[in-house]
1. Report ³J(HN,Hα) in whole Hz for each residue of the stretch 195-210, in order, from the Karplus equation J = 6.51 cos²θ - 1.76 cosθ + 1.60 where θ = phi - 60°; Gly and Pro get x.
2. If r is the Cβ-Cβ distance from Glu284 to Ala109 and R0 is 30 Å, what FRET efficiency results, to the nearest 0.05?
3. How much accessible area does Glu239 have with a 1.4 Å probe, in Å² rounded to the nearest 10?
4. Could you give each residue of the stretch 105-113 its phi-based ³J(HN,Hα) in whole Hz, using Karplus coefficients 6.51, -1.76, 1.60 with θ = phi - 60°, and x for Gly or Pro?
5. Could you tell me the calculated FRET efficiency between Ala200 and Thr90, based on Cβ-Cβ distance and R0 = 30 angstrom, to the nearest 0.05?
6. Using 0.36 nm per residue, how much length does the chain from Thr168 to Asp259 gain when fully extended, once their Cα-Cα distance is taken away?
7. If I model a spin label at Leu271 and Ala125 as a point 7 Å from the Cα along the Cα→Cβ vector, what separation in nanometres do I get?
8. Roughly speaking, to the nearest percent, how much of the stretch 211-295's 1.4 Å accessible area is carbon and sulfur?
Amino acid sequence: MNHNVAALVKGATTVGGSFVLLVAIVSGLFHLPPHREKPPGPPAGGVAGSSAPAPVTPPQASAPGAPAQQAAAPGAPGGAAQVPPTPPRTATDFSFPQARWEQLLAQNAGTPIDASLANSGKPSAGVAACASCHGAQGVPAAGTPFPTLAGAPPAYVAKQLLDYRDGTRQHPIMTGIAKGLDDKDIAAVAHYYGSLPPPAIKAPVANPQDRGQRLHGFGDNALALAACANCHGANGEGEAPMLPRLAGQPEAFVTGQLDAFRNGQRANDDLGTMRDIAKRLSAEDSAALARYYAGMRAQ
């Protein structure tokens with residue numbers, strides 16, 4: 001009889017141990033925290049029989065966008081300093097600042113169109129008339145290396161003059177001229193040339209063998225060159241406000257600018273786009289583009 005009882009006790013112990021082990025394994029698999037008895041906390045108002053104050057619950061932070069809670073002013077009950085409310089966000093917090101040429105043109109937007117600087121210059125500052133190089137109506141004489149300015153976007157003209165003035169763009173003639181111009185002069189010249197009608201464009205005859213025409217209309221995948229028309233317009237008319245007209249520009253001017261971009265003499269293309277393009281163009285490609293655009297000038 002005693003032997004049987006002992007066997008039963010031993011078996012129960014073995015089963016119980018196995019059950020405890022199984023529970024531990026399952027708890028480990030599911031990351032179940034072990035059960036613990038919560039220790040009894042102190043009664044409300046602090047520990048009984050103690051003079052220590054009850055713990056103070058810190059204030060909850062305000063939700064994003066909600067008005068900040070103000071604490072009591074100095075001298076008020078509690079003695080805490082006043083917390084100023086958080087100012088609300090405004091639309092200008094998410095606006096990009098204006099470029100300097102945009103600011104310049106905006107500040108002089110109401111100025112009447114004035115051709116005096118373009119036609120007479122600014123003798124007091126040693127500035128020659130713009131017309132002496134760029135033509136009486138912003139169209140230079142054929143065969144000269146000076147660009148057509150008639151119909152050019154005011155933002156583009158203003159940016160180039162500002163770049164000449166601060167040295168971002170270098171030129172043996174234009175740098176000295178721009179340094180003699182103040183902001184109002186630059187705005188006046190930019191608005192004046194922007195008000196002139198651009199010269200007509202003579203569409204060239206389609207010629208698949210014309211390298212310049214192919215580069216303009218299709219680019220060159222082997223050289224990773226996009227079509228010039230993507231930025232400068234299907235007919236080379238330019239895209240306001242910052243992409244200049246190429247159609248009808250003098251051949252010497254176009255080749256000179258491509259050479260300047262290629263060798264780093266001109267580096268005022270903000271993203272370096274034209275410098276990258278010019279480096280992929282051979283001298284023959286640059287010459288072909290220049291001939292193509294010069295041939296679009298209507299006589």
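1. After applying 6.51 cos²θ - 1.76 cosθ + 1.60, I find 7, 7, x, x, x, 5, 9, 9, 5, x, 6, 4, 9, x, 8, 7 Hz.
2. Working: r = 45 Å, r/R0 = 1.49.
Efficiency for this residue pair is about 0.10.
3. 80
4. 5, 5, 5, 10, 5, x, 6, x, 5
5. Working: r = 48 Å, r/R0 = 1.59.
Efficiency, rounded to the nearest 0.05: 0.05.
6. Values: separation 91, 0.36 × 91 = 32.76 nm, distance 1.69 nm.
Length gained, Thr168 through Asp259: 31.1 nm.
7. 3.2
8. Answer for the stretch 211-295 is 55 percent, counting heavy atoms of protein chains only.
The values are calculated or read from the model by the stated rules, or taken from the named source; none is laboratory data. Note that the structure is predicted; figures quoted are calculated from it, not measured. Glycine gets a Cβ as well: all are built from the backbone with ideal geometry, and neighbour counts include every protein chain shown. Ligands, DNA and RNA are stripped out before the accessible areas are found, and what is left, the full protein with its side chains, is counted by its heavy atoms. Shrake-Rupley method; radii C 1.70, N 1.55, O 1.52, S 1.80 Å.
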